[in-house]
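Before anything else, here's the structure in question.
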Amino acid sequence: MRRYFKVRRENIYTERQKLFDIIVKNKGISDLELLKKLKRRATDPSFSMLKRRLMDDIMKVMVWESNAKTYSSKFHEAKYKCRLMIMEAELLLNRGLQTLAEDILQKAYKLAAFYELSNESILINEQLQSYVGLRKGISSYRFYAENNLANFELIKDKFYAQDYFRKLTMPNLFSTNKELSYKEQSKQAMNDLSKLSSKSQSVQIKYWQLRSEIYYNYVSAEYARARQFANEFIKLVQESPVVYSKDNLGGANMQMAIIEMYLKQYVSAKKYANEAIKNFVSGSLNMLTALDCKYVACLYNKDLAEAANILVSVKQLELYRNNNSIASKWLFYEASHKFLSNKYADALATLQKQTELTEDKSGWRLGYKILEMMCIIELGYYDWLDYRIETFRKLLGELKKENISRPKLIYQVIKTFIKTAYNYKLTTAAHTQNIAQLEKAADTYEWDPRGYEIIRFDKWWSNKIAAQVR
């Protein structure tokens with residue numbers, strides 16, 4: 001900015017530089033303080049115009065002084081370079097310098113073709129068609145015209161590819177046929193997208209097709225099939241500069257980590273979560289989500305020391321310190337870690353530090369209540385259970401739309417446990433079928449490894465029974 005102002009000697013730029021220097025040195029300064037430092041009256045009508053013009057100057061410098069470090073991927077850098085060359089060529093053409101303009105346009109044409117920049121390709125072909133094609137003859141003119149028609153078709157296909165993905169991830173976008181269920185429409189969308197991808201060489205269409213296949217098979221609980229597409233997706237992102245970026249690679253590995261969690265491959269889930277962490281911006285929400293996945297995989301794999309180290313790292317992040325919801329979720333994770341370490345009193349004390357999750361009726365509050373009752377049973381504080389089971393019953397009664405099949409069975413088991421005077425064998429005998437449903441974890445009773453039941457109730461109960469037998 002200072003170099004920009006240095007070559008501009010007019011008074012109007014001197015005033016803008018003063019304003020710029022004051023703002024840089026005094027972050028968060030108010031308009032009133034700015035006016036004082038500029039020695040202007042509070043009613044000065046030109047002050048807002050001065051700010052607006054400084055903003056215009058900043059934007060110019062950001063655009064024209066851009067370099068490779070500005071962009072997260074070669075694709076976005078190429079898009080910037082192409083647009084810059086299109087403007088440069090237009091300026092040259094307006095001055096009658098067609099040879100120089102053609103040179104620039106041919107470079108832009110190659111760059112746009114390599115990175116599948118269809119919108120930019122249309123502008124480039126349009127200029128080449130008008131200024132070069134007409135001059136060089138009909139065959140040259142037709143070449144550029146046909147290129148543009150192909151690009152228009154490709155843009156349409158890319159639009160459909162993205163639209164199919166959005167319809168899959170946002171079911172309310174499906175409105176073409178009210179008679180068909182979301183599942184049927186999703187399947188049809190996937191078939192259409194597969195056909196679109198198979199007829200095109202476009203990497204971007206392949207990108208959307210693979211993302212859609214991963215999502216569709218994931219929500220259909222076809223995790224092995226989702227894994228196949230996720231592997232293909234990682235390879236595509238790694239190998240193609242059209243879709244490669246660190247963020248995309250992080251996202252691809254994150255998807256794989258989640259799929260591996262559902263396949264109960266916790267070591268593999270940790271490996272992919274690690275790759276995601278490496279590629280996401282340090283301290284970002286994406287990185288925290290990857291740490292979340294890795295931490296939970298550690299708990300399931302009984303890698304408690306590794307989980308403890310992750311927790312230490314997370315507590316140092318600004319997102320953890322400044323977001324109550326995030327901190328509360330990690331407090332729940334910490335309580336689960338302590339429970340698995342047989343530190344039941346510590347686990348209960350950690351749970352009781354909660355603020356946010358106790359208000360979240362639909363999800364994590366259920367997990368909070370279940371873990372709390374498990375801690376109470378482990379500690380033998382049975383006189384607390386009557387009150388806790390009653391609040392749990394009321395909570396279940398308030399939930400009308402959520403799937404609470406597993407929590408309902410857990411409620412029945414604990415309720416009977418209280419009635420039998422805390423007898424594990426009698427309770428198990430009374431709930432053989434319910435406990436079997438929890439263990440099978442199928443259909444509406446499915447256990448979600450990414451959900452609130454971090455410590456599976458049925459496995460914990462089986463361990464308690466085994467301990468009683470011994």
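The values are calculated or read from the model by the stated rules, or taken from the named source; none is laboratory data. Note that this is a predicted model, so its numbers are computed, not measured. Ideal geometry is used to build each Cβ from the backbone, glycine not excepted, and the neighbour counts take in all protein chains shown.
Given the options I277, I214, name the one that is more than 22 Å from R456 (Cα to Cα), in contact with a helix residue (DSSP H, G or I) (Cβ under 8 Å, 6 or more places away or on another chain) and modelled with pLDDT of 95 or more.
Numbers: I214 fails: modelled with pLDDT of 95 or more.
On inspection, the qualifying residue turns out to be I277.
May I ask you to list the residues in segment 203-224 that are among the polar types (S, T, N, Q) and within 16 Å of D163 (Cα to Cα)?
The answer is Q204, Q209, S212.
Looking at (1) in contact with a Gly (Cβ under 9 Å, 6 or more places away or on another chain); (2) buried (at least 18 other Cβ atoms within 10 Å of the Cβ), which is the only condition I404 fails?
(1)
For every residue, the table says whether it meets (1) in contact (Cβ under 8 Å) with a residue 60 or more places away in the chain; (2) exposed (fewer than 14 other Cβ atoms within 10 Å of the Cβ).
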site: G367; (1), (2): yes, no
site: I370; (1), (2): yes, no
site: Y387; (1), (2): no, yes
site: F392; (1), (2): no, no
site: L395; (1), (2): no, no
site: K400; (1), (2): no, yes
site: Y424; (1), (2): no, no
site: A442; (1), (2): no, yes
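Scan segment 371-387 residue by residue and report those that are of a type outside the set (V, I, T), closer than 15 Å to N423 by Cα and under 39 Å from the mean Cα position of the chain (by Cα).
Result: M374, E378.
What are the residues in segment 293-341 that are among the aromatic types (F, W, Y) and within 20 Å of E372 (Cα to Cα), if any? Step through it out loud before you land on a result.
Going residue by residue through segment 293-341, those that are among the aromatic types (F, W, Y) are 295, 300, 320, 330, 332-333, 339.
Of everything in segment 293-341, those that are among the aromatic types (F, W, Y) and within 20 Å of E372 (Cα to Cα) turn out to be Y300, W330, F332, Y333, F339.
Do the conditions hold for R365, that is, is it closer than 17 Å to F392 by Cβ and either in a loop (DSSP other than H, G, I, E, B) or under 30 Å from the mean Cα position of the chain (by Cα) (or both)?
Values: closer than 17 Å to F392 by Cβ: yes; either in a loop (DSSP other than H, G, I, E, B) or under 30 Å from the mean Cα position of the chain (by Cα) (or both): yes.
Judged against the criteria, R365 is a match.
Then there is this: Among the residues of segment 239-269, how many are free of Cβ contacts under 8 Å to residues at least 60 places away in the same chain, over 18 Å from S212 (Cα atoms) and surrounded by fewer than 23 Cβ atoms within 10 Å (Cβ to Cβ)?
Counting residues in segment 239-269 that are free of Cβ contacts under 8 Å to residues at least 60 places away in the same chain, over 18 Å from S212 (Cα atoms) and surrounded by fewer than 23 Cβ atoms within 10 Å (Cβ to Cβ) gives 7.
Another question, then. Given the conditions (1) touching a Leu at 6+ places or on another chain (Cβ under 6 Å); (2) touching a residue at least 24 places away in the same chain (Cβ under 8 Å); (3) under 20 Å from W64 (Cα atoms), which single one is not true for E90?
Result: E90 passes all but (1).
Next up: Restricting to segment 303-347, what's the tally of residues that are among the acidic types (D, E), within 25 Å of the chain's Cα centre (by Cα) and in the same structural domain as F457 (by TED's automatic domain parsing)?
Start the filter on segment 303-347 by keeping residues that are among the acidic types (D, E), which leaves 303, 306, 318, 334, 346.
Then drop every residue that is not within 25 Å of the chain's Cα centre (by Cα), which leaves 306, 318, 334.
With in the same structural domain as F457 (by TED's automatic domain parsing) added as a condition, the list becomes 334.
Result for segment 303-347: 1.
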